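Enquirer: Structure incoming, see below.
The values are calculated or read from the model by the stated rules, or taken from the named source; none is laboratory data. Quick caveat: nothing in here was measured; it's all calculated off a predicted structure. Please note: Cβ atoms are built from the backbone with ideal geometry, for glycine as well, and neighbour counts cover all protein chains shown.
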């Protein structure tokens, strides 16, 4: 079975549920790590009052025994403290759709004039389930020495040009964790906070750019044989599915359009001293491809970037119409954030991790962790043995 997950739940319902299928048995489930990722998702400068109400932690309802997966579907629930979906006094119908949100499209789609039923599911509260699922998948990735790191590259016009490498990312992670906007550059962080403060004064919102790096991914995850198996496409799909994301790029991304091929493609050389790494000795002086070529991982760190639009709910409202009267009115206000870019960086980190875990299990298989790890090591050994006799030789 392909590794997959489903979420259920509404923003002000009893909770958000994630059901994960396809993880091998006997993976250590680090609940503290999952809860730490949920806490990071709730953090970030510019968040709204909801984050002071909720204290997200998981309850494990199935699939785990004595701290390890048992091969059956794993069900996680993050309960909502602010549960009031059926209370019309506290959660009233909403008839004035917010521009930029799912309100209008969903109301027409489901033939109602009450936007509430759409917005409750479309809410980014759903990402609590996705972060929980992604963090669980990272418990598996750790066993293959694959690590994921995400941060905020920019908010509004404030940007950091910090360069992340295999050698400095852990130090950069420490700097990120010291920043309340999840940016590892203190000077840029202060400019980001200033932009958020001004947006709040103006009763406005701001967006930004988030970035995730995945280290230790071996050559050969994904496939070029079917478009649905291309790993870059799957990562882009996962990133684009995050609420409020409007653009995704991998590696050099959009800027490849401004360069010649000789300035874009990463040269290859072989270093026998690194043959015992997942890169199998193949080295690149640059990583413009972002670790992906032809829909497959090439051994270099995978780099995914996503652009988040400003939050759709503005305190001052925007021109809209009343769906019952069709008369012009300003959009209705729902409690929201001024900026949630920091939180989105945590979501990105975890949804791309899940896709890497899924691709790894498709490549290496196994019903239990030890079996998967043996298959992984056997693949690396076989790849190191090439060529067996001469050019063009393949391993049966």
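Enquirer: Quick check: is even one residue across segment 189-206 crowded, with 21+ Cβ neighbours inside 10 Å, in contact with a strand residue (DSSP E or B) (Cβ under 9 Å, 6 or more places away or on another chain), in a loop (DSSP other than H, G, I, E, B) and touching a residue at least 24 places away in the same chain (Cβ under 8 Å)?
Expert: yes
Enquirer: Which of (1) modelled with pLDDT of 95 or more; (2) out of contact with any strand residue (DSSP E or B) (no Cβ under 8 Å at 6 or more places or on another chain); (3) part of a helix (DSSP H, G or I) does residue 163 not meet, given it meets every other one?
Expert: Tallying (1) modelled with pLDDT of 95 or more; (2) out of contact with any strand residue (DSSP E or B) (no Cβ under 8 Å at 6 or more places or on another chain); (3) part of a helix (DSSP H, G or I), residue 163 fails exactly one: (3).
Enquirer: Starting from residues that are assigned to a loop (DSSP other than H, G, I, E, B) and either in contact with a helix residue (DSSP H, G or I) (Cβ under 8 Å, 6 or more places away or on another chain) or farther than 23 Å from residue 176 by Cβ (or both), keep the ones in segment 45-54 and report whichever is modelled with the highest pLDDT.
Expert: Going through the qualifying residues, I end up with 45.
Enquirer: Related question: Considering only segment 309-328, I want to know if a residue exists there that is assigned to a strand (DSSP E or B), in contact (Cβ under 8 Å) with a residue 12 or more places away in the chain, out of contact with any helix residue (DSSP H, G or I) (no Cβ under 8 Å at 6 or more places or on another chain) and crowded, with 20+ Cβ neighbours inside 10 Å.
Expert: Within segment 309-328, not a single residue is assigned to a strand (DSSP E or B), in contact (Cβ under 8 Å) with a residue 12 or more places away in the chain, out of contact with any helix residue (DSSP H, G or I) (no Cβ under 8 Å at 6 or more places or on another chain) and crowded, with 20+ Cβ neighbours inside 10 Å.
Enquirer: On to the next question. Out of everything in segment 329-352 that is outside any loop (DSSP other than H, G, I, E, B) and over 30 Å from residue 137 (Cβ atoms), what residue ends up being modelled with the lowest pLDDT?
Expert: 330
Enquirer: Separate question: Is segment 10-18 home to any residue that is touching a residue at least 60 places away in the same chain (Cβ under 8 Å) and out of contact with any helix residue (DSSP H, G or I) (no Cβ under 8 Å at 6 or more places or on another chain)?
Expert: Yes, the conditions are met somewhere in segment 10-18.
Enquirer: Do we have residue 152 as within 23 Å of residue 22 (Cβ to Cβ), modelled with pLDDT of 95 or more and surrounded by 22 or more Cβ atoms within 10 Å (Cβ to Cβ) here?
Expert: So residue 152 does not fit the description; no.
Enquirer: Applying the selection to segment 61-87, what residues are over 12 Å from residue 12 (Cα atoms) and in a loop (DSSP other than H, G, I, E, B)?
Expert: Answer for segment 61-87, where residues must be over 12 Å from residue 12 (Cα atoms) and in a loop (DSSP other than H, G, I, E, B): 63, 66, 67, 70, 71, 72, 73.
Enquirer: Only one residue in 40, 47, 26, 65 is within 19 Å of the chain's Cα centre (by Cα) and over 21 Å from residue 120 (Cα atoms). Which one?
Expert: The match here is 40.
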